[in-house]
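Below: one structure, written as structure tokens.
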Amino acid sequence: MSKFKKFFYSQKAAPYVFVLPFILSFALFWIYPLCSTITMSFQEIKPAGTEWVGMANFVKLTKDTVFHTAILNSFEYMILTLVLLIPFPMLFAVLMDSRLVKAKGFWKACLYVPALTSVVISGTLFRLMFSEYQTGQMNVITAALGLGTFKWLKMKATGLAALLIVACWRWTGVNMLYFISGLKAIDTALYESADIDGATAWQKFRYVTIPLLKPTTIYVLTISVYAGLAMFMEAYMLWAGPDSPNNIGLTIVGYLYKRGITKNQLGYGSAVGIVLLVIALAINIVQLILNGTFKKEED
Amino acid sequence: MANTSSVNEKETMGMKTKRTVLSIIGTAFFAVLSFIIVFPLVAGLIASFRPGTELIRRGLSVDLDFSSMTLANYKYLFGNNVDGQKYFMWYKNSLILTAVSVVGTLFICYIVAYGLTMYNYKLKNFLFFLVIATMMVPFEILILPLYKEMISLKLIDTMAGVVLPGLCGASTIFFFRQYMTGLPKELLDAGRIDGATEYGICFKIMLPITKPAFAAMSILCAMGAWNNVLWPMLVFRSAEKFTLPIGLNTLLTPYGNNYDVLIAGSMFGIIPVFIVFLCFQRYFIEGMTAGAVKG
């Protein structure tokens, strides 16, 4: 016993004792479920018993038009959030970081506030705002602009617009703060020497700010791609459940939820998850290549 | 001579006015943007002083008719009735769940990060690679197998089932590790010479100087736990165990018979996070952006 105690207190054993919780959690809540979902994707799981079906789930997915809609919706949403949530927050950050803005702390706090709310609360608010009645906030705004009123959550284009508006509302401030922290890391001497060379504001932005913000941009890009592809709760809240008219709000994770949880088809749902996993890993590899992670090894 | 200096003065005067104008435009821009962003919450707050039936009939409307405002929703929410009691049960559950997961997550992530930073051993880099690997798979992929696992472990509908899978948050470990690599390792040897054990060094010497990292992470973890929806929604089944977001979500029915409680309850549910944010704004931003610059 004292031998064990001595070992437990030794410098050799201590690090393993410290990382033990991670090893346990990794095994129980990561590797095991990951393997289990891969296995399930080749099975059909019924109350009566489990049956191996080979590639049948994946073959079925290639012909499943609802799944294709889900993939298309997720990609559309992801790409449009990138277009909206990278350039604009970057510009806002540059403006906020300049000496031209007063009361910065207050505006920063205001723009960050949406990130404090739960998806349930913000989703409820936006669901009410996108009400199809004339008195709904969004319809009041579009009517005032002379665009008329819409049944927002019943048509494809306006449904997507609603999701994008929620995304912009929630993440503009957060992404702006990421870019501000990136800007703080840029050496001011670079701007001073650009000034001496007579660079205009645009040239400084184009040739100093953008290249030196690259690490931050890549970070924001990565989390936005993941969040975009895995989006589910926002749509779930806007349409008060996993179903939407003509599946306009259906995403990949939404379909995984519908099949796996609502319809209890764990096998087919897992196959949907595996497709998302493959997409996520492919994007990761592309990103690592663009990042130049593999280049270093060649040198 | 006198002439040129007056020209210079004029120029600087001109630049000064230009600066002032630009500064007004810049500030006004953020004022407008902030107004747009804060608006839905203000509209929700106004709506919470109106009867819930009006919400279904008219959506979240904009008018500022103070005469039609009433405190009825809040009176009902805090009153002695079934809905109010249910609401505060969810509130209590959320507070307990948040406290448990913050304390658990911080303790575990701290010791894991400590083990990954302060020692040199064979598996160290491999283990850190595994931490990073868990970040590369979206959690949503794991909900089906985890859900099945929780059923077989009999953890469904329990707080343990909600908290356990999230205790070893990769980004929290990552943040602690980032912070600890900047700490002087000589302290470990000094502690050993003074006769402290490895665990004594970890908790009595290193933990106090890691406090700033704890501050930043506790706020981020608390916000995550308070607002978490997807996983708790799958794990909890009985209404008396629901957390606040899950409970509020069940009120969002097409029939809308509970919209009074829904809107007032939603607004009142933001308050704890909001107060913490106002007090510790600096830590929010620190914790959040830590990964972005170096990562």
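Just checking, which of B:V112, B:V103 is at the interface with chain A (Cβ under 7 Å from one of its Cβ atoms), modelled with pLDDT of 95 or more and either open to solvent by 10 Å² or more (accessible area, probe 1.4 Å) or part of a helix (DSSP H, G or I) (or both)?
Details: B:V103 fails: at the interface with chain A (Cβ under 7 Å from one of its Cβ atoms).
Only one candidate passes the filter, namely B:V112.
Condition first: within 24 Å of B:V131 (Cα to Cα) and open to solvent by 30 Å² or more (accessible area, probe 1.4 Å). Now tell me which residues in region B:154-174 satisfy that. Give the steps one after another, and end with the answer.
Just the residues of region B:154-174 that are within 24 Å of B:V131 (Cα to Cα), to begin with: B:160-174.
Selection gives B:A160, B:L164, B:G166, B:S171, B:F174.
Out of the residues in region A:172-194 that are out of contact with any Lys or Arg (no Cβ under 8 Å at 6 or more places or on another chain) and more than 27 Å from A:C110 (Cα to Cα), which is farthest from the other protein chains (Cβ to nearest Cβ)?
Within region A:172-194, the match that is farthest from the other protein chains (Cβ to nearest Cβ) is A:S193.
Tell me the residue from A:M237, A:M231 that is within 14 Å of another protein chain (Cβ to nearest Cβ) and either on the phi > 0 side of the Ramachandran plot or not in a helix (DSSP H, G or I) (or both), please.
Working: A:M237 fails: either on the phi > 0 side of the Ramachandran plot or not in a helix (DSSP H, G or I) (or both).
So the residue among A:M237, A:M231 that is within 14 Å of another protein chain (Cβ to nearest Cβ) and either on the phi > 0 side of the Ramachandran plot or not in a helix (DSSP H, G or I) (or both) is A:M231.
Can you report the number of residues in region B:53-85 which are touching a Gly at 6+ places or on another chain (Cβ under 7 Å), touching a residue at least 60 places away in the same chain (Cβ under 8 Å), open to solvent by 20 Å² or more (accessible area, probe 1.4 Å) and under 17 Å from B:M267 (Cβ atoms)?
Within region B:53-85, residues that are touching a Gly at 6+ places or on another chain (Cβ under 7 Å), touching a residue at least 60 places away in the same chain (Cβ under 8 Å), open to solvent by 20 Å² or more (accessible area, probe 1.4 Å) and under 17 Å from B:M267 (Cβ atoms) number 1.
In region B:115-135, what count of residues is obtained for those that are closer than 20 Å to B:P165 by Cα, open to solvent by 60 Å² or more (accessible area, probe 1.4 Å) and among the aliphatic types (A, V, I, L, M)?
1
Go through region A:40-56 and count every residue that is touching a helix residue (DSSP H, G or I) at 6+ places or on another chain (Cβ under 8 Å) and modelled with pLDDT of 90 or more.
Qualifying residue count for the region: 6.
Using the structure shown, decide if B:I246 is open to solvent by less than 10 Å² (accessible area, probe 1.4 Å), assigned to a helix (DSSP H, G or I) and in contact (Cβ under 8 Å) with a residue 12 or more places away in the chain. Quick ask: steps written out before the conclusion?
Details: open to solvent by less than 10 Å² (accessible area, probe 1.4 Å): yes; assigned to a helix (DSSP H, G or I): yes; in contact (Cβ under 8 Å) with a residue 12 or more places away in the chain: yes.
Spelling it out, B:I246 is indeed open to solvent by less than 10 Å² (accessible area, probe 1.4 Å), assigned to a helix (DSSP H, G or I) and in contact (Cβ under 8 Å) with a residue 12 or more places away in the chain.
Kindly indicate the residue of region A:36-52 that is crowded, with 19+ Cβ neighbours inside 10 Å and at the interface with another protein chain (Cβ under 8 Å from one of its Cβ atoms) and also nearest to B:M206 (Cα to Cα) among those meeting that condition.
Top of the filtered list is A:T37.
For the condition within 21 Å of the chain's Cα centre (by Cα), open to solvent by 20 Å² or more (accessible area, probe 1.4 Å) and of a type in the set (S, T, Y), what is the one hit in B:S266, B:S218? First the steps, then the outcome.
On the way: B:S266 fails: open to solvent by 20 Å² or more (accessible area, probe 1.4 Å).
Every option except B:S218 fails the conditions.
Give region A:240-285 a look and list any residue that's at the interface with another protein chain (Cβ under 10 Å from one of its Cβ atoms), part of a loop (DSSP other than H, G, I, E, B) and among the hydrophobic types (A, V, I, L, M, F, W, C), or say none.
Across region A:240-285, the qualifying residue is only A:A240.
Answer yes if at least one residue in region A:53-67 is open to solvent by 20 Å² or more (accessible area, probe 1.4 Å) and within 14 Å of another protein chain (Cβ to nearest Cβ), and no otherwise.
Looking through region A:53-67, none of the residues is open to solvent by 20 Å² or more (accessible area, probe 1.4 Å) and within 14 Å of another protein chain (Cβ to nearest Cβ).
Quick one: in region A:131-147, of everything that is under 20 Å from A:L164 (Cβ atoms) and open to solvent by 30 Å² or more (accessible area, probe 1.4 Å), which residue is farthest from the other protein chains (Cβ to nearest Cβ)? Lay out the reasoning, then the answer.
We begin by selecting, within region A:131-147, every residue under 20 Å from A:L164 (Cβ atoms); these are A:131-132, A:136-142, A:145, A:147.
Remaining after also requiring open to solvent by 30 Å² or more (accessible area, probe 1.4 Å): A:132, A:140-141, A:145, A:147.
Values: A:E132: 8, A:V140: 6, A:I141: 9, A:L145: 14, A:L147: 17 Å.
Checked region A:131-147; the qualifying residue farthest from the other protein chains (Cβ to nearest Cβ) is A:L147.
Take region B:36-52 and flag every residue that is more than 22 Å from the chain's Cα centre (by Cα) and either within 7 Å of another protein chain (Cβ to nearest Cβ) or farther than 18 Å from A:G136 by Cβ (or both).
Correct list: B:A43, B:F49.
Just to be sure I understand the filter: pairs with C-beta atoms under 8 Å, separated by 6 or more residues or on different chains, first member in region A:218-230 and over 15 Å from A:Y77 (Cβ atoms), second member part of a helix (DSSP H, G or I) and of a type in the set (S, T, Y). Which pairs pass?
Listed pairs, sorted by first residue: A:Y219/A:Y178; A:V220/A:Y178.
In this structure, does A:T251 turn out to be closer than 27 Å to B:I156 by Cα, modelled with pLDDT of 90 or more and open to solvent by 20 Å² or more (accessible area, probe 1.4 Å)? Working first, answer last.
Values: closer than 27 Å to B:I156 by Cα: yes; modelled with pLDDT of 90 or more: yes; open to solvent by 20 Å² or more (accessible area, probe 1.4 Å): no.
Taking the combined requirement at face value, the residue does not satisfy it.
Looking only at region B:229-243, count every residue that is assigned to a loop (DSSP other than H, G, I, E, B) and within 8 Å of chain A (Cβ to nearest Cβ) and tell me the total. Show your work before the answer.
The first filter runs over region B:229-243 and keeps only residues assigned to a loop (DSSP other than H, G, I, E, B), leaving B:229, B:236-238, B:242-243.
With the extra rule that they be within 8 Å of chain A (Cβ to nearest Cβ), the set shrinks to B:229.
Result for region B:229-243: 1.
Within region A:11-35, count every residue that is assigned to a loop (DSSP other than H, G, I, E, B) and open to solvent by 30 Å² or more (accessible area, probe 1.4 Å). I'd like the intermediate steps shown before the answer.
Filtering region A:11-35 down to residues assigned to a loop (DSSP other than H, G, I, E, B) leaves A:11-13.
If we keep only those that are open to solvent by 30 Å² or more (accessible area, probe 1.4 Å) too, we end up with A:11-12.
The total comes to 2.
If you take the residues in region B:184-212 that are among the hydrophobic types (A, V, I, L, M, F, W, C) and in contact (Cβ under 8 Å) with a residue 60 or more places away in the chain, which one is surrounded by the most Cβ atoms within 10 Å (Cβ to Cβ)? Before you say what the answer is, go through the steps one by one.
Taking region B:184-212 as the starting set, the residues that turn out to be among the hydrophobic types (A, V, I, L, M, F, W, C) are B:187-188, B:190, B:193, B:196, B:201-203, B:205-207, B:209.
Of the ones still in play, those that are also in contact (Cβ under 8 Å) with a residue 60 or more places away in the chain are B:188, B:202, B:206-207.
Working: B:L188: 19, B:C202: 22, B:M206: 20, B:L207: 15.
Ranking the candidates gives B:C202 first.
As an exercise: evaluate B:V42 against (1) of a type in the set (A, V, I, L, M); (2) under 28 Å from A:G105 (Cα atoms); (3) not in a helix (DSSP H, G or I) and give the number of the one condition it does not meet.
Here B:V42 meets the rest and fails (3).
What number goes with the only condition from (1) within 7 Å of chain B (Cβ to nearest Cβ); (2) open to solvent by 10 Å² or more (accessible area, probe 1.4 Å); (3) polar (S, T, N, Q) that A:T124 does not pass?
Failed condition: (2).
If a residue has to be assigned to a loop (DSSP other than H, G, I, E, B) and among the aliphatic types (A, V, I, L, M) to count, how many in region A:42-59 make the cut?
Step one: filter region A:42-59 for residues assigned to a loop (DSSP other than H, G, I, E, B), giving A:42, A:47-48, A:53-55.
Retained after the next criterion (residues that are among the aliphatic types (A, V, I, L, M)): A:48, A:53, A:55.
Final tally of qualifying residues: 3.
The values are calculated or read from the model by the stated rules, or taken from the named source; none is laboratory data. Here the structure is a predicted model, which means the values were calculated and not measured. Every residue, glycine as well, gets a Cβ built from its backbone with ideal geometry; the counts of neighbours run over all protein chains shown. Quick note on the areas: whole protein, heavy atoms, side chains included, nothing else; ligands and nucleic acids left out. Shrake-Rupley method; radii C 1.70, N 1.55, O 1.52, S 1.80 Å.
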